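K.L.:
Encoded as structure tokens, here's the structure I'll be asking about.
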Amino acid sequence: MVETIVRTALLGIQYGMTLALIATGLTLIFGMLDVINFAHGALYMLGAYFGWVVASTLGSFWLALLLAPLFVGVVGVAIEVLSLRPLYDRNPLYHILLTFGFAIMIQGAVVELWGGQTKQIAEPASLAGTLTIGSFDYPMYRLFVLVVSTLLIGVIWLAVERSDLGILMRASAHDSEMVDALGIDVSKVFTGVFVFGAVLAGFAGVLLGVSRSVNPGMGFGIIIEAFVIVVIGGLGSFRGAIYTALLIGLVSSFGALVASTLTEIFLFVLMAGVLMVRPNGLFGATEAT
Amino acid sequence: MTDRRATDPLLTVDSIDTHYGESHVLFDLSLTVGRGDIVALVGRNGAGKTTTLRSIMGLTPVTNGTIRKDGDELHRLEPHEIRKRGISWIPEERRVFGSLTVEENLRLAAHSGEDDQTERFDEIYAQFPRLDERRDQKAGTMSGGEQQMLAIARALLGPETDLLLLDEPSEGLAPQIVDDVADIIRELNERDVTVLLVEQNAEMALELADRAYVLETGEIVHESTADQLLADREMMEGYLGVK
């Protein structure tokens, strides 16, 4: 019994932290650029595919984990600079249509290039097998994902709270025109944040491309969860996204234990419940200053 | 009052027009700010004073005409590039970053400076002891007067400032604090910072200024020394509603 709970909790935290990698990017992009990025899930999916290509051609998971997010970052630069930048001043509907269009295009391109069937990134040999403590065992790879994503989220958190870059990001989210007038090229900050979000999504795609499957529909699946997280956490709230991702990870894993077919419903019930009590999300109001 | 603009203009705004979307806000507006001067731009609410400053700063680009600083055209430059040419803008309502601390607000402003700003930081804190005491306080929780000090301090960090665009610095402040702000502006001016001051509080602005322009529905309708305008009660009443 205890073993099941520990196992489920670990699984939930691990999944929550990988979701946090996706949701923090999404929420930072919304908070700063005011763009609801529907292409974010497609970038995650692209990360998984690039990871699969690198891992299967060069035979190294580690190279895949390094290179695939960078490739996704390049795609991110192209999307931001060439298409989003001219539309910042427009109605948000333009951003939604544009990024939704990109999501469909990327998915179409992936099907065209690599077909519609499911792939999987091969688990690295060094992380195969299980870790055994007494009678308790847990897959090594899942443990690795848990540690890496938690560390990464921790580093990003520190950077956003403490570094000059974090100050710049928070100030730009608050009043980008003022930041520009202080002599800082805000458009570069915007590109940086968009690309950063893309790289994180790509990274998560490679990580989950091993334990879950790689398929063209994975982007649309994850974007729903990521949006639920961003809404519950409070639109644009960085901390809110991380806490909520963890919560959603745990709700998913424990929910699956109770009634595996109902986990998605749990998410939406949770979202509806939170929004009824706090319409701005858990952290929405406190960071709105 | 010496009129230095003919010999040494720092800022020349020449026949600009500015639009906000469909609406035409500034009409063929020209003004000159001489090096070392304090120039007041006064007028009633909605006359286009804020838009004039925003146009100079590149925030609301002009649709016609030219703006030059030190002879260099600022046309089509982005606000951050204009800031790097020594122009600092302190907006209406100050717009400090409320969720950042005083120190973080200043660090951000120093960010765009090329040289090491540590010394300037110390100078700023020495000049504004209230800010020194409140380094770790969130800017949003400070009083209006303190936020105004922070906004001024923020404008002085980063690239060297020789022209300050001040929009309604007295707005919402108690009379005593307005005097403090006026003292700071005077002090800055003594340190060779040229000031273009937009004010609803015409008396305060004209007491500080060397020269003055009166703006009415997007057009300059009067130009003189500040003393002349201040002395002419009829004109003050007619243009500004001041009795």
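The values are calculated or read from the model by the stated rules, or taken from the named source; none is laboratory data. Just so it is clear, the structure is predicted and the values come from calculations on it, not from any experiment. Glycine also receives a Cβ, built like all others from the backbone with ideal geometry; neighbour counts cover every protein chain displayed. Areas reflect the complete protein model, heavy atoms only, side chains present, ligands, DNA and RNA absent. Shrake-Rupley method; radii C 1.70, N 1.55, O 1.52, S 1.80 Å.
K.L.:
Tell me, which residue of the range B:88-127 that is more than 9 Å from chain A (Cβ to nearest Cβ) and under 20 Å from residue B:50 (Cβ atoms) is surrounded by the fewest Cβ atoms within 10 Å (Cβ to Cβ)?
P.N.:
The selected residue is B:93.
K.L.:
Hey, another quick one. Mind checking whether some residue in the range A:203-218 is open to solvent by less than 40 Å² (accessible area, probe 1.4 Å) and more than 26 Å from residue A:64 (Cα to Cα)?
P.N.:
No, every residue in the range A:203-218 fails to be open to solvent by less than 40 Å² (accessible area, probe 1.4 Å) and more than 26 Å from residue A:64 (Cα to Cα).
K.L.:
Under 22 Å from residue A:32 (Cα atoms), in a loop (DSSP other than H, G, I, E, B), touching a residue at least 12 places away in the same chain (Cβ under 8 Å) and open to solvent by 30 Å² or more (accessible area, probe 1.4 Å): does that describe residue B:76?
P.N.:
No, not satisfied.
K.L.:
Do the conditions hold for residue B:15, that is, is it within 14 Å of another protein chain (Cβ to nearest Cβ) and in contact with a strand residue (DSSP E or B) (Cβ under 9 Å, 6 or more places away or on another chain)?
P.N.:
No, not satisfied.
K.L.:
Let me ask you something else. Give the residue, chosen from A:44, A:49, A:88, that is touching a strand residue (DSSP E or B) at 6+ places or on another chain (Cβ under 8 Å) and either at pLDDT 95 or above or closer than 27 Å to residue A:172 by Cβ (or both).
P.N.:
The match here is A:49.
K.L.:
Can you name the helices (runs of 4 or more DSSP H) wholly within the range B:87-164 that have at least 1 residues being under 16 Å from the mean Cα position of the chain (by Cα)?
P.N.:
Output list reads B:144-156.
K.L.:
Related question: Sort through B:43, B:58 and tell me the only one that's within 14 Å of chain A (Cβ to nearest Cβ) and in contact with an Asp or Glu (Cβ under 9 Å, 6 or more places away or on another chain).
P.N.:
Selected residue: B:58, the only one of B:43, B:58 that is within 14 Å of chain A (Cβ to nearest Cβ) and in contact with an Asp or Glu (Cβ under 9 Å, 6 or more places away or on another chain).
K.L.:
Scanning for something closer than 28 Å to residue A:86 by Cα, away from every other protein chain (no Cβ under 14 Å) and outside any loop (DSSP other than H, G, I, E, B), does the range A:133-148 turn up at least one residue?
P.N.:
No, the range A:133-148 contains no residue that is closer than 28 Å to residue A:86 by Cα, away from every other protein chain (no Cβ under 14 Å) and outside any loop (DSSP other than H, G, I, E, B).
K.L.:
Taking residue B:34 and the conditions (1) open to solvent by 10 Å² or more (accessible area, probe 1.4 Å); (2) more than 14 Å from chain A (Cβ to nearest Cβ), which numbered condition does it fall short on, given that it satisfies the others?
P.N.:
(1)
K.L.:
Then there's this: I'd like to know if the range B:73-87 contains one or more residues that are of a type outside the set (Asp, Glu), away from every other protein chain (no Cβ under 14 Å) and within 15 Å of residue B:219 (Cα to Cα).
P.N.:
No.
K.L.:
Follow-up. State yes or no: is residue A:110 at pLDDT 95 or above, aliphatic (A, V, I, L, M) and open to solvent by 30 Å² or more (accessible area, probe 1.4 Å)?
P.N.:
no
K.L.:
Moving on to the next point. Of all residues in the range B:153-173 being open to solvent by less than 20 Å² (accessible area, probe 1.4 Å) and farther than 16 Å from residue B:112 by Cα, which is farthest from the other protein chains (Cβ to nearest Cβ)?
P.N.:
B:170
K.L.:
Still on this structure: Would you please list the contacts, defined by Cβ atoms under 8 Å and residues six or more apart or on different chains, that run from a residue in the range A:116-129 that is closer than 15 Å to residue A:206 by Cα to a residue that is open to solvent by 90 Å² or more (accessible area, probe 1.4 Å)?
P.N.:
A:124/A:62
K.L.:
Right, another one. If you scan the range A:163-178, which residues turn out to be more than 7 Å from every other protein chain (Cβ to nearest Cβ) and assigned to a helix (DSSP H, G or I)?
P.N.:
Correct list: A:165, A:166, A:169, A:172, A:173, A:176.
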